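The next block holds one structure in the form of structure tokens; read it before the comments.
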Amino acid sequence: MVHVHIPEEIIVEILSRLPVKSILQFKLVCKLWNSLLSDPRFSLATKGREHAIFWCCGKRCFSSLDDQYAIQEIPRQCWYRPYLNFLGSCNGLVLFSTYETWYCYYNHCNFYLLNPSTRSFRGLINFSSRMLFGENRITYSPVAYGLCFDKLSDDYKVVIYSSIPSQRALVVSLKRGTTLREVSLPYKLRGTAVLANGNLHWIDKNDDLIVCFDETTNRFSKLPTPAVVHGGNEPIYRLGVLDGCLCMSRYTAGSYTFKCELFVMREYGVKESWATLCAISGGANLRSVRGWEPLFFTKPGEELLISGSHSILAYNVKTKSLKEIHTYSGQESYVGPLRYEESLIPAGKF
């Protein structure tokens with residue numbers, strides 16, 4: 001019987017391409033594989049399939065939607081408060097907060113990290129609401145958030161922004177549980193940031209700018225927008241990531257017509273690299289796509305999953321057809337969806 005030796009680096013390269021669910025099963029094959037697959041470097045190298053996670057307020061549970069349009073509920077852990085905000089997603093980890101009521105957000109707020117793929121979960125004790133919203137900090141409910149990873153310091157950073165009483169942001173270290181920087185901003189941000197090229201991105205709601213946060217320098221700056229973006233009847237903009245590239249959607253409404261456009265930045269930071277991926281026009285059938293947000297490709301370069309105001313839809317770029325995948329129940333309140341990637345990184349690391 002011939003024994004074939006396969007170098008460890010080849011084994012790691014092969015296994016890193018598999019779904020997280022399969023990798024977790026392969027840990028049981030032998031001690032060597034368990035050691036390789038438990039290495040933190042392997043966890044960072046693993047790039048799994050893309051998913052979208054959303055929160056059902058009535059059931060108080062998470063659900064995950066994959067590239068096969070399968071929806072799976074994620075068992076609830078130990079959060080009991082009815083309200084929830086997604087603050088960001090990075091390397092397969094989802095950061096969120098829970099609270100009792102909208103008006104007491106900054107007084108009674110808890111923060112958690114969740115890996116939806118492995119179901120690992122942890123409350124962030126050091127990441128307290130008092131540190132974020134205490135005296136001389138943000139004293140009103142924040143309206144913009146983001147989560148990113150700084151490779152140089154091996155640390156996850158959270159950006160939280162509030163426009164009241166002044167426009168300012170806090171940059172917080174998850175590893176140390178301390179504020180790294182507090183800065184006043186000339187921008188008016190809103191919503192959960194999109195992570196592309198390692199940096200966080202928001203839309204400035206006043207000037208239709210893309211605002212970028214550099215995870216290494218902790219500084220904010222502007223990115224160029226597509227030249228065709230400006231103008232229209234009260235356009236609605238959203239950001240996303242497709243095949244690793246930053247993208248921007250634009251929704252405009254006329255008296256009886258609606259139009260959705262999607263632009264992709266092929267080369268990060270280069271204004272001339274913006275290109276139109278697709279444009280959808282129609283009548284009342286496009287009302288549900290209002291404020292649409294690109295999530296990810298379910299078929300590479302062909303079928304695009306997008307989030308509308310009341311449903312999740314799939315748009316085929318080649319056939320230019322639109323179909324509804326999931327409709328939110330009229331009696332339920334939902335938060336999200338938020339895009340994330342499968343990973344093995346444990347939430348309990350922090």
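The values are calculated or read from the model by the stated rules, or taken from the named source; none is laboratory data. Not measured: the values here are computed from a predicted model. Heads up, the Cβs are rebuilt from the backbone with ideal geometry, glycines too, and the neighbour counts pull from every protein chain shown. When the accessible area is computed, the model is the full protein with side chains, heavy atoms only, and any ligands, DNA or RNA have been set aside. Shrake-Rupley method; radii C 1.70, N 1.55, O 1.52, S 1.80 Å.
Would you pick out the residues in the stretch 45-55 that are under 17 Å from the mean Cα position of the chain (by Cα) and at pLDDT below 80? Those that are under 17 Å from the mean Cα position of the chain (by Cα) and at pLDDT below 80: K47, G48. The set of residues in the stretch 163-174 being buried (at least 16 other Cβ atoms within 10 Å of the Cβ) and hydrophobic (A, V, I, L, M, F, W, C) consists of A169, L170, V171, V172, L174.
State whether the residues of the stretch 67-80 include one that is in the same structural domain as R168 (by the TED database), modelled with pLDDT of 85 or more and hydroxyl-bearing (S, T, Y). Scanning the stretch 67-80, I find no residue that is in the same structural domain as R168 (by the TED database), modelled with pLDDT of 85 or more and hydroxyl-bearing (S, T, Y), so the answer is no.
Consider L95 carefully, then state whether it is modelled with pLDDT of 70 or more, aliphatic (A, V, I, L, M), open to solvent by less than 60 Å² (accessible area, probe 1.4 Å) and closer than 23 Å to L180 by Cβ. Taking the combined requirement at face value, the residue satisfies it. Looking across the stretch 188-200 at every residue that is crowded, with 20+ Cβ neighbours inside 10 Å and not in a strand (DSSP E or B), the one that is modelled with the lowest pLDDT is identified as L189. For G177, state whether it is closer than 22 Å to I53 by Cβ, assigned by the TED database to the domain that holds C245 and open to solvent by 10 Å² or more (accessible area, probe 1.4 Å). Criteria not met by G177. Only one of the numbered conditions (1) within 23 Å of G336 (Cβ to Cβ); (2) at pLDDT 85 or above is violated by P142, and that is (2).
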